[in-house]
Amino acid sequence: MTKAERRRGAELEEAVLDAAWTELAEFGYTGFTLEGVAKRAGTSRPVLARRWPSRIALATAAMAHCIAANAISVPDLKSVRDEFAYLLRQWSNRGVPLLLRLFLEMNAELSKNDCSLANVREEIRRRVAGRDLVAQILERGVARGEIDAKKITPRIAALPADLMRHEVIMTSKPISDPVIAEILDEIFLPLVTARR
């Protein structure tokens, strides 16, 4: 019995999720197969099926695994604008174009399964441990008097990330500093800034 065959539990899960992410990065979701993941991880398809009931479930877990492995933190830069700019750059640098491409490729299969990209995003959020970075930035901004807490709604709080995703989808490129400045200075900050 080889070492690969003896793996169990967390060790096997780590190997499978690493293999699944590599397959997604190399072939996209359209070329993503459970057989390819099993072969790369040195295991079998029935082993995968016991833990992940579908291609969508395994791809979602692999994306969450990648995001968790490349966790981002935002230091207190004493400025909501600087902290959001830092966060958007970090998200973009972490591989947002690839993640968004995978989401879009998954969309057809998701709709056939009465599911949506929002469901996948929520599942990834559930799997990725850690504090909500946007909420953290906004709380610091409120505490410093930069942000009016009454102006924050879930839709407004999500706006910088939503606009970043839109930009990346439309351009197929990481977000640029001038676009980050437009998102923050022309759209987001005028909506939430506390009056002096």
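Find out how many positive minus negative residues lie around residue 55, taking Lys and Arg as positive, Asp and Glu as negative, among other residues whose Cβ is under 12 Å from that of residue 55.
Local charge sum for residue 55: -2.
What relative contact order, as a whole-number percentage, does segment 1-124 give when Cα pairs under 8 Å and 6 or more residues apart are counted?
27 percent
Carbon-plus-sulfur fraction of the accessible area of the chain, 1.4 Å probe, in percent?
C and S atoms contribute 54 percent here.
For residue 126 and residue 156 in the same chain, what is the full-extension length gain: residue separation times 0.36 nm, less their Cα-Cα distance, in nm?
Gain in length upon complete extension: 8.7 nm.
For residue 10 and residue 187, compute 0.36 nm times the residue count separating them, minus their Cα-Cα distance, and round to one decimal in nm.
Stretched out fully, the residue 10 to residue 187 stretch lengthens by 59.3 nm.
Quick one: which of 82-90, 143-151, 163-171 comes out on top by average Cβ neighbours within 10 Å, and what's the full order, highest first?
Descending mean neighbour count gives 82-90, 163-171, 143-151.
Work from the charge dipole of segment 30-145 (Cβ charges, +1 for Lys and Arg, -1 for Asp and Glu, about the Cα centre) and give the residue of 36, 135, 85 farthest towards its positive end.
36
If the limit is 31 Å between Cα atoms, which of 78/173; 150/173; 112/151 go over it?
150/173; 112/151
Using the Kyte-Doolittle scale, find the helices of the chain whose mean hydropathy is at least -1.0 and whose Cα atoms extend 18 Å or more along the helix's long axis, counting only whole DSSP H runs.
Counting only whole DSSP H runs, the qualifying helices are 9-27, 55-69, 80-93, 96-112, 154-171.
Which value, in Å², gives the accessible area per residue of segment 22-74 when a 1.4 Å probe is used on the protein heavy atoms?
That works out to 46 Å² per residue.
Post the alpha-carbon centroid distance, segment 55-121 to segment 6-34, in whole angstrom.
Comparing the Cα centres of segment 55-121 and segment 6-34, I get a distance of 17 Å.
The values are calculated or read from the model by the stated rules, or taken from the named source; none is laboratory data. Worth saying up front: this structure is predicted, and the values here are computed from it rather than measured. Note that we place each Cβ from the backbone using ideal geometry, even for glycine, and neighbour counts take in every protein chain shown. In case anyone asks, the SASA skips ligands and DNA or RNA and just uses the protein heavy atoms, side chains included. Shrake-Rupley method; radii C 1.70, N 1.55, O 1.52, S 1.80 Å.
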